[in-house]
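**Student:** Take this structure, written in structure tokens, and hold onto it; I'll ask about it next.
The values are calculated or read from the model by the stated rules, or taken from the named source; none is laboratory data. In this text, all values refer to a predicted model and were calculated from it rather than measured experimentally. Glycine gets a Cβ as well: all are built from the backbone with ideal geometry, and neighbour counts include every protein chain shown.
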Amino acid sequence: MNSANEMPAPFAGHGSPMNTPERNRYTDAWCYLASLCRDRAPYCPSQYIDATAVTAMSEPRTIHDFYGFPAELSSIRYPAAGEPAIAAEIVRPNLAWAKADMAFDWNRQFDGAVKAALSTRPADVVALQGHRDFALAAPTLEHFPPILYLAGLAAEADTTVDPLVEGFTMGSLSMASYTLGYLGGV
């Protein structure tokens, strides 16, 4: 690191939770890392969170997210102190995304493509899987198929789909809803 104001960011690949009650080279390395980070708030990505999150409470609870291991593991607590003031500094600049209809450009572009297809040629919605922003708009399988059902019904009836309500929240979430066979919108 080049400056006293910069701090390294650790990533700890933990493997088996059975390391927790043991003392071995892994736990020794983690204890050493903890001693380096004392009284600081390190950025440490987790392999369990596929979103950016900040722990903001002063005394975060221990989460036991495993099953089938000895009961002694569930009794272990990690008295890690949180830093709410630092968390607020990290989160505050991003609060603009909580405002109504704020959205990333890719979200607006993909949503516009969906709306255009539904309002002209609903059968073309399936082709949006090739859209450059598809992976961001539909990061997991369950996000896209529901609109395909509505588009398929509209295509079969040789009609189009009407917007019920449009908008965005938190930058990346489209709140667009569509109807088939209803009148009007909000």
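**Student:** Give me the pairs, please: first residue somewhere in the range 155-171 and farther than 17 Å from Gly112 by Cβ, second residue anywhere and at pLDDT 85 or above, beta-carbon distance under 6 Å, and either six or more positions apart or on two chains.
**Tutor:** Filtered contacts from the range 155-171: Ala155/Pro122; Ala155/Ala123.
**Student:** Exactly one condition in (1) within 23 Å of Gly181 (Cα to Cα); (2) modelled with pLDDT of 85 or more is not met by Ala135; state its number.
**Tutor:** With (1) within 23 Å of Gly181 (Cα to Cα); (2) modelled with pLDDT of 85 or more applied to Ala135, the lone miss is (1).
**Student:** Same structure, new question: Looking only at residues in the range 82-101 that are at pLDDT 75 or above and assigned to a loop (DSSP other than H, G, I, E, B), which one is nearest to Pro60 (Cα to Cα)?
**Tutor:** Gly82
**Student:** Residues that are in a loop (DSSP other than H, G, I, E, B), modelled with pLDDT of 75 or more and out of contact with any helix residue (DSSP H, G or I) (no Cβ under 9 Å at 6 or more places or on another chain): does the range 24-39 have at least one?
**Tutor:** yes
**Student:** A further question on this structure: Looking for whichever is exposed (fewer than 15 other Cβ atoms within 10 Å of the Cβ), in contact with a helix residue (DSSP H, G or I) (Cβ under 8 Å, 6 or more places away or on another chain) and in a helix (DSSP H, G or I) here; the options are Ala127, Ala135, Ala155. Which one fits?
**Tutor:** Being exposed (fewer than 15 other Cβ atoms within 10 Å of the Cβ), in contact with a helix residue (DSSP H, G or I) (Cβ under 8 Å, 6 or more places away or on another chain) and in a helix (DSSP H, G or I) holds for just one of Ala127, Ala135, Ala155, which is Ala127.
**Student:** What's the number of the condition His64 fails, among (1) exposed (fewer than 13 other Cβ atoms within 10 Å of the Cβ); (2) of a type outside the set (Phe, Trp, Tyr); (3) outside any helix (DSSP H, G or I); (4) at pLDDT 70 or above?
**Tutor:** His64 satisfies every listed condition except (1).
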